Each structure stands twice: as C-alpha cells, then as structure tokens.
1. Looking at region 318-340, I want the residues that are charged (D, E, K, R) and at pLDDT 95 or above and have a partner that is part of a loop (DSSP other than H, G, I, E, B) and open to solvent by less than 70 Å² (accessible area, probe 1.4 Å) with Cβ atoms under 7 Å, at least 6 apart or on another chain. Which pairs are those?
2. Using the structure shown, decide if N102 is of a type outside the set (V, I, T), out of contact with any strand residue (DSSP E or B) (no Cβ under 9 Å at 6 or more places or on another chain) and under 17 Å from V305 (Cα atoms).
3. Quick one: which strands (runs of 3 or more DSSP E) sit completely within region 72-142 and have at least 3 residues that are touching a residue at least 40 places away in the same chain (Cβ under 8 Å) and among the aliphatic types (A, V, I, L, M)?
4. Check T209, T235 and return the single one that is in contact (Cβ under 8 Å) with a residue 12 or more places away in the chain, more than 20 Å from I341 (Cα to Cα) and within 15 Å of the ligand (Cβ to nearest atom).
5. Looking only at region 144-176, which residues are without any contact (Cβ under 8 Å) to a residue 60 or more places away in the chain, away from the ligand (no atom under 16 Å from the Cβ) and either open to solvent by less than 10 Å² (accessible area, probe 1.4 Å) or in contact with a His (Cβ under 7 Å, 6 or more places away or on another chain) (or both)?
6. Examine region 147-162 for a residue that is modelled with pLDDT of 95 or more and within 20 Å of the chain's Cα centre (by Cα), and state whether such a residue exists.
7. Do you know which residues across region 238-251 are open to solvent by less than 10 Å² (accessible area, probe 1.4 Å) and more than 11 Å from the ligand (Cβ to nearest atom)?
8. Scan region 188-199 and give yes if some residue there is within 26 Å of the chain's Cα centre (by Cα) and surrounded by fewer than 14 Cβ atoms within 10 Å (Cβ to Cβ), otherwise no.
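The values are calculated or read from the model by the stated rules, or taken from the named source; none is laboratory data. Not measured: the values here are computed from a predicted model. Cβ atoms come from the backbone with ideal geometry, glycine included; neighbour counts cover every protein chain shown. For the accessible areas, the whole protein counts, side chains as well, though only heavy atoms, and no ligand, DNA or RNA atoms are used. Shrake-Rupley method; radii C 1.70, N 1.55, O 1.52, S 1.80 Å.
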Amino acid sequence: MKKILAIALVLGMAFTSVFANGAKDGSSKGVKVGVSMPTKDLQRWNQDGANMKAELEKAGYDVDLQYANNDIATQVSQIENMITGNCGVLVIAAIDGSALKNTLDGARKKNIPVIAYDRLIMNSKAVTYYATFDNYKVGTIQGDYLVDKLNLKNRSKDDPAYIEFFTGSPDDNNINFFFGGAMDVLKPYLDSGVLVCRSGQTSKAQCATLNWSTEEAQKRMENLITSNGYGPRGTKLDAVYSSNDSCAMGITNALIAAGYTKANFPLITGQDCDIVSVKNMIAGTQAMSVAKDTRVLARKVAGMVEAIMTGTKPEINDTKTYDNGTGVIPSYLCVPEYADIDNYKALLIDTGYYTADQLK
Ligand code: BGC
C-alpha cells in the first residue's frame, strides 16, 4: 500500500512539474531537461553527456547540458540555474553525492523530479529514480580477475602474491560498491596470507583517490614504490588493484617510471575502457578493464524521463540495493562486462563503441 502511495506521489509530482515547466499535454514538446555532469576531464563523462543529449533530443526534449569542472560550488550553481530556468526534469551525476541536499530541496519545492545518474545522490528526498551499472558486480569482476590471474586458490602463504590497492573518490558512493565488491572477493586471501599488501593500506579511506585523479593516483603509487622499494629488480609487486581507468593510468605512469616493462608489469585492473586504458591493454601494461556501455545507460535514463513525462512506470530492476539515507531509490542497473586483450575487439569495436582507428 505504502509503495502504491509512493508511486502515485511520484507520478503526481511528475505531472505537476510537467505542467509547471512547459509541456501542455504530457508530451516532450517544449520540456527542458537539465543534465548536470561532473567534469569534462575524464573521458567517460563527455560520452555520457553527449549520449544523454542525443537521446533526449531524439525524443523531442530541449536539453540544458552542463559540466561542473569537478567543482562542487559550480555544480550547485548550475543546478540552481536549471531549477530557476524551468527544467522539467533533472538528470544529475554528482561530484560529491552528499553535497546536493539543500540545492535539491529547491527542486522538490517545485516538484521537479530528479534522476541520479550513475552516482547516487545521498540524503535527498528529491531523488525519484537512480540509473547506474551494477557497481558491486564491477568490484567482484575485478576481484575475481585477480584471484584467477594470481592463482590465489592454489597458492600458500609461503608463496604469496603481493598487491597494493587504489580506489576512487571518497565522496562517490560508488566506491563502496567497487572497493567493497573487490574486497569481498580478496579479503579471505589477505586474511590467510596468500595475498599480501606490504604497505598495509587496505582500508577504503587509505586507498581513496580524491576526484579519481590520475595525478593523485600517480603520486601515491610513486610514494608506495619509494617506501616499499618496489621495482623490477627490487621488492616484488604482482598486482595493483585499481577501481577505475583514470587511477590505473596514474599507477601505470609511476610503474613505467620505476622501470617496469611489458615483460614484468604488475597486473593492473581498471574500469570504463577509456581509450588510453584500452591502448595500455593492447600495449600490455594494463591487464583488464570493465566495459560499461554508456549508450545503454543514456537510453535507460531517457526512458525514465519519458516515463515521468507520460505518467507511466519506467523500467526498474532493483528496489533494494541503493538506499540514499532517505530510503531505497528505485533503480535500473545496467550490466558491466569484463574486458581484456582477448575480447576488447568484440566488446568495443564490433559494437561500434569505438572505431579501430581510435584505439591505434
Ligand atoms: C563511475 C566510474 C568512473 C568514476 C570516475 C564513477 O562514479 O561509476 O565509471 O570511472 O566515477 O569518473
């Protein structure tokens, strides 16, 4: 009963907003959708923004697409402008998932539905739906890969594998799932001594990388190399767990500078299949990545916008995982896929995600 009431409320809010903000007949005509993206610095958000704009325009919406340069105050002011500028729906990939509550109270007052895009927006009742990838699965794909390639199931603590850990921005709720998923797989091996992290830095806080910055990851890897003596002729390092490609890039730079080559490179994980990382996979420096087809995510989010506008129910496939502190947000989770040198062509080129030339 509660659920029915909640859905009725959401649909009611959506209609009020549509009529408040442009459309006369529940159609997309004249309705503006605000799309707020965190930064142009990382490849994926450029793709996400472009895909969202294309999908929404194809469906007849006007789109106000903004990038916030990874600056929270900029994102807040861009969203405020979207609210006062009569956007009918907001689609937001937050820089800091916990920094938008007050701003979104303004959207709530005007009955503007908010879709959290890829990253959950925390502690805000304004969030109507959430669309992302199965973030926990991203983490377990990465963890399973390391178990397999480091042969952890058949090793003993007399012959352990050595690893260091990197995850992403501490203000991004996704790292709880990426890092958490990977650690759920790897912790038993750390506990039994079959896997060893010499620095001892295995907590999420110790492994976090603000803004998922390549430079920050590089600096921390350089420090780990110096303090532990890692090197092709130094202390053994078999793998570096990285939650995504922008961090993997910094780690790779530091390892190359320390003298590692394709012949002895530690296994590095990643996520996103950024062009640079796929090139590194081809060159033999990054071992794997996780492919997340952002075209599919954009299509699902455009479908959510359309459902809101037409007062129908969008496609939801998860109603228990993502609690933003105000309750569970109905979500659609797209499927992430394992990617490495053996399947990248089928995954990325044959599907038209990249052209072969882009990866040369
Ligand atoms: C996304 C990842 C991305 C990271 C850095 C995360 O929230 O889910 O795909 O690598 O942000 O942009």
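1. Final answer for the pair search is D340/A287.
2. Details: of a type outside the set (V, I, T): yes; out of contact with any strand residue (DSSP E or B) (no Cβ under 9 Å at 6 or more places or on another chain): yes; under 17 Å from V305 (Cα atoms): no.
Against the criterion (of a type outside the set (V, I, T), out of contact with any strand residue (DSSP E or B) (no Cβ under 9 Å at 6 or more places or on another chain) and under 17 Å from V305 (Cα atoms)), N102 does not qualify.
3. Numbers: elements: 89-92, 114-117, 127-133.
The strands (runs of 3 or more DSSP E) meeting that bar are 89-92.
4. Numbers: T235 fails: within 15 Å of the ligand (Cβ to nearest atom).
Within the list T209, T235, the selection yields T209.
5. Listed by number, the list holds a single entry, L152.
6. Start the filter on region 147-162 by keeping residues that are modelled with pLDDT of 95 or more, which leaves 147-162.
Next, from what is left, pick out any that are within 20 Å of the chain's Cα centre (by Cα): none.
Checked region 147-162: no residue is modelled with pLDDT of 95 or more and within 20 Å of the chain's Cα centre (by Cα).
7. A239, V240, Y241, G250, I251
8. Within region 188-199, one or more residues are within 26 Å of the chain's Cα centre (by Cα) and surrounded by fewer than 14 Cβ atoms within 10 Å (Cβ to Cβ).
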